[in-house]
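Engineer: Structure in C-alpha cells, see below.
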Amino acid sequence: MGRLIFVTGGARSGKSAYAEGLAAHSVAQSGESVTYLATAVAFDAEMQNRIGRHRAERPAHWVTLEEPVNVPTALHSAGTPVLLLDCLSVWVNNLMYHDFTDEQILQATAELIHVARNRAGTVILVTNEVGFGIVPENALARRYRDVLGWVNQRCAGASDEAYLLVSGLPLTLKGKP
C-alpha cells in the first residue's frame with residue numbers, strides 16, 4: 001500500500017515548494033528520481049511563463065509528465081517511487097472544462113485515490129484551498145468551489161499525512177509533523 005500525502009493552501013502559500021521538499025526528502029537516501037505530474041495547460045503567455053518558472057525551479061533529473069485530464073492513468077503509469085501531482089485544483093478545472101459532471105469528477109477522484117493507495121511508493125497531492133473566501137457571485141464559480149471542496153475532502157480523508165500551508169508555514173493536519 002502506497003503512502004499518500006495531501007498538501008493544501010491558498011494561492012502563493014508555499015504549497016508547491018513544500019510538496020517539492022517532501023518529494024526531494026523522500027528520495028534523498030535512495031538516489032531515485034521523482035515524477036512530477038503536471039495538470040496545467042498553457043492557454044496563454046502568462047500561463048506559459050508560470051509553467052516555465054515551475055519547471056526551472058524543479059531539479060533537472062525529475063521526470064515530468066503533463067496530463068490535464070486522465071490523471072489516474074498517468075499516475076498508474078509513472079515509474080518512479082515518488083510522484084508529486086500538482087495540482088488537483090487545476091485538474092478539477094480541466095475536468096469541468098471538458099464537461100464532466102460532478103459525479104464523474106468524484107468518480108475520477110475515487111479512481112485517483114485507488115491508484116495512489118495501490119502503487120508502491122509515495123504520492124503527494126497538491127491542491128488549493130478555495131473555501132476560505134467569500135461565496136462566489138456566479139453559479140459556475142460556486143460549482144467549482146463546491147466540487148473542489150468535495151475532491152479535497154476525499155483526498156485528505158484518504159491520506160496518511162495532510163498539511164495546510166499558510167504564508168509559507170506548514171500546519172500539520174494529519175499524520176507526522
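The values are calculated or read from the model by the stated rules, or taken from the named source; none is laboratory data. Everything quoted here is computed from the prediction, not taken from an experiment. Cβ: placed from backbone, ideal geometry, glycine included. Neighbour counts: every protein chain shown. When the accessible area is computed, the model is the full protein with side chains, heavy atoms only, and any ligands, DNA or RNA have been set aside. Shrake-Rupley method; radii C 1.70, N 1.55, O 1.52, S 1.80 Å.
Engineer: Kindly express, to the nearest 10 degrees and within the range 0 to 90, the angle between helix 45-57's C-alpha long axis and the longest C-alpha principal axis of the chain.
Structural biologist: Taking the Cα atoms of the chain, the angle to 45-57 is about 20 degrees.
Engineer: What residues have an amide H closer than 5 Å to that of ILE124, excluding those fewer than 5 places away on the same chain, when H is modeled at 1.01 Å from N in the peptide plane?
Structural biologist: ILE5, LEU83, LEU84, LEU85
Engineer: Calculate log10 I(q)/I(0) of the chain for q = 0.10 Å⁻¹, where I(q) comes from the Debye formula with a single equal point scatterer on each Cα and nothing for solvent.
Structural biologist: Values, matching the q order: -0.35.
Engineer: Same structure, new question: Under 5 Å between amide H atoms, partner at least 5 residues away or on a different chain: which partners does LEU65 have, H built in plane at 1.01 Å?
Structural biologist: When sequence neighbours closer than 5 places are left aside, the close amide H contacts are TYR36, LEU37, ALA38.
Engineer: Given contacts defined as C-alpha pairs under 8 Å and at least six residues apart, what's the relative contact order of region 29-177, whole-number percent? Let's see the in-between values first.
Structural biologist: On the way: 178 pairs, mean separation 32.9, N = 149.
Relative contact order for region 29-177 comes out at 22 percent.
Engineer: Mind listing the phi-derived Karplus ³J(HN,Hα) values for region 10-25, rounded to whole Hz, using 6.51, -1.76 and 1.60 with θ = phi - 60°, and x for any glycine or proline?
Structural biologist: Here the 3J(HN,Hα) series is x, 4, 6, 7, x, 5, 5, 4, 5, 5, 5, x, 4, 5, 4, 5 Hz.
Engineer: For ASP160 and ARG145, compute 0.36 nm times the residue count separating them, minus their Cα-Cα distance, and round to one decimal in nm.
Structural biologist: 3.0 nm
Engineer: Which ³J(HN,Hα) values in Hz, rounded to whole numbers, follow from the phi angles of region 123-134 under the Karplus curve 6.51 cos²θ - 1.76 cosθ + 1.60, where θ = phi - 60° and Gly and Pro get x?
Structural biologist: 10, 10, 9, 10, 7, 8, 8, 10, x, 7, x, 6
Engineer: Moving on to the next point. Hey, can you rank 169-175, 92-98 by average C-beta count inside 10 Å, highest first?
Structural biologist: Numbers: 169-175: 13.6, 92-98: 17.9.
Put in order of decreasing packing, that is 92-98, 169-175.
Engineer: Counting only C-alpha contacts under 8 Å and six or more residues apart, can you give the relative contact order of region 1-107 as a whole percent?
Structural biologist: On the way: 102 pairs, mean separation 34.5, N = 107.
Rounded, it is 32 percent for region 1-107.
Engineer: Turning to a different aspect of this structure: Per residue, how many Å² of accessible area does the chain show with a 1.4 Å probe? Show your work: numbers first, answer last.
Structural biologist: Numbers: 9090 Å² over 177 residues.
Normalised by residue count, the accessible surface of the chain is 51 Å².
Engineer: Also, I was wondering about something else. Hey, any idea what % of the chain's accessible area is carbon plus sulfur with a 1.4 Å probe?
Structural biologist: Working: 5080 of 9090 Å².
After summing per-atom areas, the C and S share lands at 56 percent.
Engineer: If you don't mind, there's one more thing I want to ask. Loop only per DSSP, at most 16 neighbouring Cβ atoms within 10 Å: give me the chymotrypsin sites (Phe, Trp or Tyr not before Pro) in region 8-44, ordered by residue number.
Structural biologist: Values: sites: TYR18, TYR36, PHE43; in loops: PHE43.
Those that pass, being in a loop and sparsely packed, are PHE43.
Engineer: Express in nm, to one decimal, how much length is gained between VAL69 and HIS98 on full extension, taking 0.36 nm for each residue of separation and deducting their alpha carbon distance. Intermediate values should be presented prior to the final figure.
Structural biologist: Details: separation 29, 0.36 × 29 = 10.44 nm, distance 0.84 nm.
Difference between extended and current length: 9.6 nm.
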